[in-house]
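Notes to accompany the following structure.
The values are calculated or read from the model by the stated rules, or taken from the named source; none is laboratory data. The shown structure was predicted, so the numbers you read here are calculated from the model rather than taken from an experiment. Positions of Cβ are backbone-derived with ideal geometry, glycine not excepted, and every protein chain shown enters the neighbour counts.
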Amino acid sequence: MRYFILIITFFLTSNVYAKNINISVKTDLDLNCKFEKVIIKNAEHNFVSFTSDQIKRENIESLKIIAKNPDILVIKNLSKFINKINLEVKISNKDIILIQAFDQERNYSESAVFTRSSGELIHEITRKIKSDEKEKDISFYSCKKNNQDT
């Protein structure tokens, strides 16, 4: 439930452009994220949850998050879409990292919330935004830092 409250808060606070970019903590992370579950809403399923035992999803081997003041936030290896698009919402503070991006037609979006303290990552994909039959795919991951040589 707290995941949904966090996501709803994220979307409600992203309506004003001035609030869409806020990088207050420098970050350089390389994470290994294990898939835990997904919630799917489409023509077949109405917000049905599937665990890693019930549905095949890949883990994220090397999720890279780089944040620098005042407005640089780069996310790599979350998805092909996020790798190639400019992020519309970029927020990084001591507790969370939030991102959101839309395609050019604003009919497809991806967003993610990473909680530093728990290592939880929520990745939401929304398709057919302009349709009454929106499709959502909300994946949950548990992330740990990859070993990095210093």
Item to check | Selection count where residues are buried (at least 19 other Cβ atoms within 10 Å of the Cβ) and among the charged types (D, E, K, R), scope segment 84-112 | outcome: 2
Next on the checklist: If S118 meets every condition in (1) within 10 Å of the chain's Cα centre (by Cα); (2) surrounded by fewer than 16 Cβ atoms within 10 Å (Cβ to Cβ) apart from one, which number is that one?
Outcome noted: (1)
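Is there a residue in segment 13-20 that is more than 18 Å from the chain's Cα centre (by Cα), at pLDDT 80 or above and not hydrophobic (A, V, I, L, M, F, W, C)?
So far as segment 13-20 goes, no, none of its residues is more than 18 Å from the chain's Cα centre (by Cα), at pLDDT 80 or above and not hydrophobic (A, V, I, L, M, F, W, C).
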Checklist entry - In segment 35-57, how many residues are loosely packed, with under 14 Cβ neighbours inside 10 Å and either in contact (Cβ under 8 Å) with a residue 24 or more places away in the chain or under 15 Å from the mean Cα position of the chain (by Cα) (or both)? => result 2
Next on the checklist: If I go through segment 121-150 residue by residue, how many of them are touching a residue at least 60 places away in the same chain (Cβ under 8 Å), surrounded by 13 or more Cβ atoms within 10 Å (Cβ to Cβ) and in a loop (DSSP other than H, G, I, E, B)?
Outcome noted: 2
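Mind checking which residues of segment 102-112 are under 12 Å from the mean Cα position of the chain (by Cα) and either part of a loop (DSSP other than H, G, I, E, B) or farther than 16 Å from K64 by Cα (or both)?
Step one: of segment 102-112, the residues under 12 Å from the mean Cα position of the chain (by Cα) are 109-112.
Selection gives S109, E110.
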Checklist entry - Got a number for residues in segment 58-83 being loosely packed, with under 15 Cβ neighbours inside 10 Å and in contact with a helix residue (DSSP H, G or I) (Cβ under 8 Å, 6 or more places away or on another chain)? => result 1
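Could you list, in sequence order, the residues of segment 76-97 that are under 16 Å from G119 (Cα atoms) and modelled with pLDDT under 95?
Taking segment 76-97 and keeping what is under 16 Å from G119 (Cα atoms), we get 78, 92-97.
The answer is S92, N93, K94, D95, I96, I97.
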Checklist entry - If you go through segment 20-34 one residue at a time, how many are of a type in the set (D, E) and in contact (Cβ under 8 Å) with a residue 60 or more places away in the chain? => result 1
